[in-house]
Amino acid sequence: QVQLVESGGGLVQAGGSLRLSCAASGLTFSTYAMGWFRQKPGKEREFVTDISAISWSGTHTSYADSVKGRFTISRDNANNTVYLQMNSLKPEDTAVYYCNIVLYYTTNYYPWGQGTQVTVSS
């Protein structure tokens with residue numbers, strides 16, 4: 001079974017930084033694009049960023065407009081881990097952050113992990 005375990009969240013002041021980690025198991029990690037999603041209080045889960053599988057041509061990343069220029073996604077295939085470096089955090093970034101696979105022809109996901117809470121105070 002696939003397990004996705006997010007960590008690294010916490011309470012931070014506006015303008016601060018956090019680095020989230022997502023440890024994946026039970027899948028051939030290196031072959032999948034991976035993404036970060038977040039769910040704000042009272043809202044539906046939304047896409048934040050993703051990173052393609054690594055190929056001869058490298059990786060491709062995409063970011064939601066709301067985080068572009070502030071967040072950076074990366075992956076470490078040797079450790080089955082995807083990271084989210086979050087800088088210049090804003091109160092509106094407050095959410096539970098989740099990771100999952102990203103499929104470009106459909107929207108199926110593995111079971112969601114517990115997520116990690118990010119709270120940005122002003």
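General observations
- Share of carbon and sulfur in the accessible heavy-atom surface of region 1-92 [1.4 Å probe, %]: 48 percent
- Accessible area (Å², 1.4 Å probe, nearest 10) - Arg45: 90 Å²
- Principal axis extents of the C-alpha atoms in region 17-87 (largest first, rounded to whole Å): 37, 26, 21.
- A protection proxy built from the mean count of other Cβ atoms within 10 Å ranks the segments 47-55, 81-89, most packed first, as 81-89, 47-55.
- Rg in Å to one decimal, and Dmax rounded to a whole Å, for the chain via C-alpha atoms: 13.7, 43
- Over 14 Å [Cα-Cα, region 1-55], rounded percent: 67 percent
- Rounded to 5, the percent of DSSP beta bridges in the chain classed as antiparallel: 90 percent
- Residues in region 34-77 average 54 Å² of solvent-accessible surface per residue, probe 1.4 Å, ligands and nucleic acids excluded.
The values are calculated or read from the model by the stated rules, or taken from the named source; none is laboratory data. Being a predicted model, the structure only gives us computed values, none of them experimental. As a convention, Cβ positions derive from the backbone with ideal geometry for all residues, glycine included, and neighbour counts pool all protein chains shown. We work out accessible area using only protein heavy atoms, side chains counted, and drop any ligands, DNA or RNA first. Shrake-Rupley method; radii C 1.70, N 1.55, O 1.52, S 1.80 Å.
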